[in-house]
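**Student:** Here it is: the structure, laid out below.
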Amino acid sequence: MKKNSLTGVVAAVVVLAAGYLGATAYTGQRVASAYEARLDKVEKQFPFLHLVDRQADRGLFSSTFTTGVTLGCATGPDAFVVRFRDHVRHGPFPGFDGFGAAEIDSEILLPAGAPEAVRSYLASLKPGDLRTRVAYDGSYRTVARLPAGEMSGSGIKAKWPEARITGSGSFDGAGANRYEASLPELSVEHSSDERTSSLRLVGVALRGETQGNTQGSGGNPWLQSGTNAWEVGKVELRTQSGDDPVSLDLAPLKYTASVDVDKDLFGGKAAITTSAVLKIGRDAKPVQIDDIEFQESFQRLYGPALQKLSEDSLTDMSVCGAAGDSDPDAQAAQMAKAQERMTAVMMQMLPHDPSISLDKLSLRFGGQPGQLSYSAGVQGFEPKPNENLMDAMPRIVQALTVKADASFPAAWIRQLGALGQEDTAAAGAGAGVGAGAGAGVGMGTASQRFAQADAMLDIAAGKGFIVRNGDDISTHFVMEHGVGTLNGKPFGAPRK
């Protein structure tokens, strides 16, 4: 009885082991096939990247894939080849660290000609710092831990604490792909005989999502619907040449963007918001600019035309020309070809009523707001058979609508004049002029500047370029059906 029981246990273990080995072998083959397919896809999507020296060392429980990547046309010993080595542990229990199709640890190997500081930093990455887990449904999640580091060379010094990047999506590129990244701080300094400068970013956070196989993109990675949201808690920029320091602080700096698609037509919008403090000169008064807001958008851009333009441009980047291509005639022919491509794209775009706009550029200076906006779009244009862009231009102008608006307070001119007054007074004091005399010189110079600017505004209002209503200045331009108006009056009409 005991012997039969033991035999049964051994048989069960053998069956389980065989099943595990079979699953492992199947998983290894599946992962290898997906890996090779993805590399082939990369070469098609990014033709300016050349994959060289692809190697695969396949085993039952693990495999190692190595791929060299070059950017440009150099080949042989002169080529700058960056190698990516992926150590893959096969499922169903890769490395006995959970259930899944594969667990991948990645290395980045730079050639001997790379900067030593960069090579040393990448070499310091530990196993697991760049790790990807792949599930049986083809989804993946990558976690990159970048340790704190410091690099210097050629007058530039950079320093940062530990950073973290995560990404997830589908191993075959379909479906949603997401990323998140965070960096507590980054400081970069540059010094030369003439100038010193520094940049400091605090609280960097990035996140986004794109949709693979977006309609109208043809699988093009540059034409995907999705969203992005970037934020920097504070940006500090400093530069100094001699005794003239300049500083600029932005806090917080936020960027958002989104792209969507409907029946091959792309639309999108982007926005930037921040507030700034600018100081020019050692003794200058800081200039506070609040509520800076930038919004732009585009609508009804024809996806297949954008796809074709993108593919042709990327293909041009991948072509390694001969020495004779530097000939002016060859360059002119290449430029003409690019122009022909662009006009063809424009003719495909225009029938779909495309539009672009700066929806808002606004800020608050001295406590008072100002704003600028414009838009341009074509509507109702139908090209004739075999019609080129130049022949169609008169009809395009008739279908084109352009609008622009701007408004700001005249008080901005006075505030700028006051800044000039303080600078001049400080300069007079620094030159040994008495406080009263220095102030007098500054006031006179600033008053002259203000009077000149105010007079120019009056002249502009008299000519109809702007509308002045007390302290409020505005202008409004519209062009429709080839006819332009500025502040309600014909603009650009021939003089009688």
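The values are calculated or read from the model by the stated rules, or taken from the named source; none is laboratory data. Quantities reported herein were computed from a predicted structural model and do not represent experimental measurements. No Cβ is skipped: glycine too gets one built from the backbone with ideal geometry, and neighbour counts run over all protein chains shown.
**Student:** Report, ordered by the first and then the second residue, all pairs with beta carbons closer than 7 Å, sequence separation of six or more or different chains, a first member in the stretch 356-371 that is closer than 22 Å to I413 by Cα, and a second member that is among the small types (G, A, S) and modelled with pLDDT under 95.
**Tutor:** Short answer, once both residue conditions are applied: G366/A411; Q368/A411.
**Student:** Where residues in the stretch 450-485 are among the aliphatic types (A, V, I, L, M) and under 30 Å from I396 (Cα atoms), which of them is surrounded by the fewest Cβ atoms within 10 Å (Cβ to Cβ)?
**Tutor:** My answer is V483.
**Student:** Something else now. Identify, from the list I459, I473, I413, the residue that is of a type in the set (V, I, T), modelled with pLDDT of 85 or more, out of contact with any Leu (no Cβ under 6 Å at 6 or more places or on another chain) and over 30 Å from S355 (Cα atoms).
**Tutor:** Matching residue, one of I459, I473, I413: I459.
**Student:** Considering the stretch 41-63 alone, what residues qualify as being modelled with pLDDT under 75 and assigned to a loop (DSSP other than H, G, I, E, B)?
**Tutor:** F46, P47, F48
**Student:** Looking only at strands (runs of 3 or more DSSP E) that fall completely inside the stretch 122-215, which ones have 1 or more residues that are among the acidic types (D, E)? Break it down stepwise before answering.
**Tutor:** Details: elements: 130-134, 139-146, 149-153, 156-160, 163-170, 176-191, 196-211.
Fully inside the stretch 122-215 and qualifying: 149-153, 176-191, 196-211.
**Student:** So, one more: Restricting attention to the stretch 95-119, and to residues there that are among the charged types (D, E, K, R) and over 30 Å from K157 (Cα atoms), which single residue is surrounded by the most Cβ atoms within 10 Å (Cβ to Cβ)?
**Tutor:** If we take residues in the stretch 95-119 being among the charged types (D, E, K, R) and over 30 Å from K157 (Cα atoms), then E103 is surrounded by the most Cβ atoms within 10 Å (Cβ to Cβ).
**Student:** Is it the case that D359 is at pLDDT 95 or above, assigned by TED's automatic domain parsing to the domain that holds Q240, surrounded by 13 or more Cβ atoms within 10 Å (Cβ to Cβ) and part of a strand (DSSP E or B)?
**Tutor:** Spelling it out, it is not the case that D359 is at pLDDT 95 or above, assigned by TED's automatic domain parsing to the domain that holds Q240, surrounded by 13 or more Cβ atoms within 10 Å (Cβ to Cβ) and part of a strand (DSSP E or B).
**Student:** Only one of (1) part of a helix (DSSP H, G or I); (2) within 36 Å of the chain's Cα centre (by Cα); (3) at pLDDT below 90 fails for A437. Which number is that?
**Tutor:** Single failed check for A437: (2).
**Student:** Does M443 meet the test of being surrounded by 14 or more Cβ atoms within 10 Å (Cβ to Cβ), part of a helix (DSSP H, G or I), modelled with pLDDT under 95 and not assigned by TED's automatic domain parsing to the domain that holds V246? If you could, list the steps in order and put the result at the bottom.
**Tutor:** Numbers: surrounded by 14 or more Cβ atoms within 10 Å (Cβ to Cβ): yes; part of a helix (DSSP H, G or I): yes; modelled with pLDDT under 95: yes; not assigned by TED's automatic domain parsing to the domain that holds V246: yes.
So M443 fits the description; yes.
**Student:** Continuing with the same structure: Say we look at the stretch 64-117 and pick out the residues that are part of a helix (DSSP H, G or I) and at pLDDT 75 or above; which of these is nearest to K41 (Cα to Cα)? Give the derivation first.
**Tutor:** Taking the stretch 64-117 first, the residues part of a helix (DSSP H, G or I) are 76-78, 94-96, 116-117.
Still in the running and at pLDDT 75 or above: 94, 116-117.
Values: P94: 26, E116: 32, A117: 32 Å.
Here the answer is P94.
**Student:** Test S139 against the criterion of being more than 24 Å from V81 (Cα to Cα), surrounded by 17 or more Cβ atoms within 10 Å (Cβ to Cβ) and of a type outside the set (A, V, I, L, M), and give yes or no.
**Tutor:** yes
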